[in-house]
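Notes follow once the structure below has been shown.
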Amino acid sequence: MRICVIGAGYVGLVSAACFAEMGNRVVCVERDPFRVARLARGDVPIYEPGLEVMVNAHLASNQLSFTPHLAEGIKQAEIIFIAVGTPSGEDGSADLSHVLAVVDELGGCLDHACVVVDKSTVPVGTGERVARRINMHLSRRGKNFQIALASNPEFLKEGSAIDDFMRPDRVIIGCDDVAATEVLRRLYAPFLRNHERLLCMSMRAAEFSKYAANAFLATKISFINEMAGLCARLGVDIEDVRRGIGSDKRIGTHFIYAGCGYGGSCFPKDVRALIRAAEQEGIEPSILRAVEARNALQKTLLFQAVREHFSGYLQGRVVAIWGLAFKPGTDDLREAPSLVLLDALLAAGVAVQACDPVANAGIAQRYAQAVTSGQLRLSESPYSVTEGADALVLVTEWKQFRQPDFVRIRGLMRMPVLFDGRNIYDAKQLAELGFLYRGIGRPALGHCKASAA
């Protein structure tokens, strides 16, 4: 099939590459000419395992191309995907300005019937609004064909997006047009050969499903984090509780890991948008408000723990941080828990030595002044940042942090104190190695008394 994907951001670029992987001819439209130039030479501007290899392979095969011109991208396209950002507005609602700008441009240059698919995360009713707007433009131009609209929300996890797209656990198609639905069914058929999980529904139901899915997953995270807070007071290990409740099939093991809060481009934004949508309908979103509040509090816990350990005396301390991206497998720093910790530590006069496999560049740009002054030092070596440190804080659980040489680290640190923001370490083992271990919702183990400031 001939496909046009509008937007070369995270969702658009992954979608374009994966559709090309299945033999489709894909043109990806991106407004930024510098980004287009980078992509055209195979330089992928975002970190996602496997994506750069896939993009380069299909640039070479001519199955994938990039252009800054919408009119060029949509020529002969049977399916057009809108995959532009819908960031939070000032009131928390989804900002549809990018989507509507694309719609207006599409309406001004489309010259053939096709299926237009909204892959962006949009509020309920957006599909109907987009359909009216495009067809209004076509009518004004004297075009006598109608455009079929569909909603096809993405459910990609950063760090495993290629696998999620190529082997989806479900594909949702929201469309009231039988012929358009069949076109999309054929498009996704190769991705669903081993399990038929294509779910067809109305556009409104598809739009809402995306928000509801992310809000529910965020709720699970905030729930287990709240239980962790109670566990900490009661002398209970949240890891035991997690295993105890996760074995119940009605609950399951996914998204019930206590930690230092969720971040990224989806959960925070979508929870806010759903809260705003409820407010506009006169409904009090009490659960969603609690989810958001719990997560905001959770992001502050690591700094609180560090401050408490040093009895409030932080000026001149050296703290090492492992992991800066909001999750492993990505360089995405949007709403990352590390940012809350970094802001607080730097404001308190702490010297920070931080390590992340791929997110250092983004941090260096964001904290340029701290880097220049020497208060923040970045490294790709997890060992070098622990040298002379008074404490080590694990924020993002990259694989290279899971089984380090703790005997070596013990010798490098000035004080062997470890704050485990993701509960990935064996507390008892670390205590036996001479560390003071503190996790999230877990009893502290070991002995390492802080020296007076």
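The values are calculated or read from the model by the stated rules, or taken from the named source; none is laboratory data. Keep in mind the model is a prediction, meaning the values are calculated, not measured. Every residue, glycine among them, receives a Cβ derived from its backbone with ideal geometry; neighbour counts consider all protein chains shown.
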- [ ] Check off (1) surrounded by 15 or more Cβ atoms within 10 Å (Cβ to Cβ); (2) of a type outside the set (D, E, K, R); (3) under 27 Å from Cys266 (Cβ atoms) for Leu138 and give me the number that stays unchecked.
- [x] (3)
Open item on the list: Can you pull out every residue in the stretch 181-216 that is under 20 Å from Ser265 (Cβ atoms) and in contact with a helix residue (DSSP H, G or I) (Cβ under 7 Å, 6 or more places away or on another chain)?
Closed with: Glu207, Tyr211, Asn214, Ala215
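For the stretch 100-217, give me every one of the helices (runs of 4 or more DSSP H) that falls completely inside it and has 3 or more residues that are closer than 30 Å to Asn295 by Cα, of a type outside the set (Phe, Trp, Tyr) and in the same structural domain as Val14 (by TED's automatic domain parsing). Give the steps one after another, and end with the answer.
Numbers: elements: 126-140, 161-166, 178-188.
In the stretch 100-217, 161-166 are the helices (runs of 4 or more DSSP H) which contain 3 or more residues that are closer than 30 Å to Asn295 by Cα, of a type outside the set (Phe, Trp, Tyr) and in the same structural domain as Val14 (by TED's automatic domain parsing).
Considering each residue of the stretch 78-99, count those that are assigned to a strand (DSSP E or B) and modelled with pLDDT under 95, and give that number. Steps first, please.
So in the stretch 78-99, the residues assigned to a strand (DSSP E or B) come out as 79-82, 88, 94.
If we keep only those that are modelled with pLDDT under 95 as well, we get 88, 94.
Residues meeting the conditions: 2.
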TODO: Give me a count of the residues in the stretch 347-363 that are within 20 Å of the chain's Cα centre (by Cα) and of a type in the set (A, V, I, L, M, F, W, C).
DONE: 5
TODO: Considering every residue within the stretch 81-98, establish whether at least one is on the phi > 0 side of the Ramachandran plot and touching a helix residue (DSSP H, G or I) at 6+ places or on another chain (Cβ under 8 Å).
DONE: yes
Task: Residues of the stretch 22-73 that turn out to be of a type in the set (Asp, Glu) and in contact with a Pro (Cβ under 9 Å, 6 or more places away or on another chain), as a count - done: 2
Open item on the list: Considering only residues that are more than 19 Å from Gln304 (Cα to Cα), part of a helix (DSSP H, G or I), of a type outside the set (Val, Ile, Thr) and in contact (Cβ under 8 Å) with a residue 12 or more places away in the chain, which ones fall in the stretch 218-270?
Closed with: Ala218, Lys220, Phe223, Glu239, Arg242, Phe267, Pro268, Lys269, Asp270
